[in-house]
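Right, one structure below, let's go through it.
The values are calculated or read from the model by the stated rules, or taken from the named source; none is laboratory data. Predicted model, so just to flag it, every value in this text is computed and none were measured. Don't worry about glycine lacking a Cβ; one is built from the backbone with ideal geometry, like all the others, and counts go over all protein chains shown. Just the protein is used for accessible areas: all its heavy atoms, side chains included, with ligands, DNA and RNA removed. Shrake-Rupley method; radii C 1.70, N 1.55, O 1.52, S 1.80 Å.
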Amino acid sequence: LRARETVDQPPPPIWGAHVAGGTHHAFYDYGEGFCVFSDIAVAANVVRQRYPEIRRILIIDLDVHQGNGNAVLFEGRDDVVTFSIQCEANYFSKKEKSDLDIELP
């Protein structure tokens, strides 16, 4: 019976979104780099709250600067993974630790 229930259930939905750069520098209590709040963080939290079948979210940040705000906002959470690719010599503020950071020359 358990095997039949598993087969009859559709897989969890796969979601994707593209958000213009710049919102990834906002923290809990202040913003940087023209970022007042992180709409990416808001969207990820809303999805986790409204769609419990979605167990993990991957944020891929391809901006020239590190997504330092999102790295801090999701630090220590297993349900949201932050992956940031940035220029190694282009930091205007403190570098934070994403789940995965790749620096390019």
**Request:** Find all pairs meeting these conditions: Cβ atoms under 7 angstrom apart; at least six residues apart or on different chains; first residue within the stretch 23-44 and free of Cβ contacts under 8 Å to residues at least 40 places away in the same chain and more than 23 Å from residue 79 (Cβ to Cβ); second residue of a type outside the set (A, V, I, L, M, F, W, C) and not in a loop (DSSP other than H, G, I, E, B).
**Result:** 31/25
**Request:** Can you work out which of the residues in the stretch 21-45 that are acidic (Asp, Glu) and in a loop (DSSP other than H, G, I, E, B) is most open to solvent (accessible area, probe 1.4 Å)?
**Result:** 29
**Asked** Restricting attention to the stretch 61-68, does a residue exist that is modelled with pLDDT of 90 or more, in a helix (DSSP H, G or I) and surrounded by 19 or more Cβ atoms within 10 Å (Cβ to Cβ)?
**Response** yes
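For the stretch 69-103, give me each residue that is over 13 Å from the mean Cα position of the chain (by Cα) and either modelled with pLDDT of 95 or more or surrounded by fewer than 19 Cβ atoms within 10 Å (Cβ to Cβ) (or both). Show your work before the answer.
Taking the stretch 69-103 first, the residues over 13 Å from the mean Cα position of the chain (by Cα) are 86-96, 102-103.
Those that are over 13 Å from the mean Cα position of the chain (by Cα) and either modelled with pLDDT of 95 or more or surrounded by fewer than 19 Cβ atoms within 10 Å (Cβ to Cβ) (or both): 87, 88, 89, 90, 91, 92, 93, 94, 95, 96, 102, 103.
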**Prompt:** Within the bounds of the stretch 47-54, is there any residue that is surrounded by 15 or more Cβ atoms within 10 Å (Cβ to Cβ), in contact with a Gly (Cβ under 7 Å, 6 or more places away or on another chain) and modelled with pLDDT under 95?
**Reply:** no
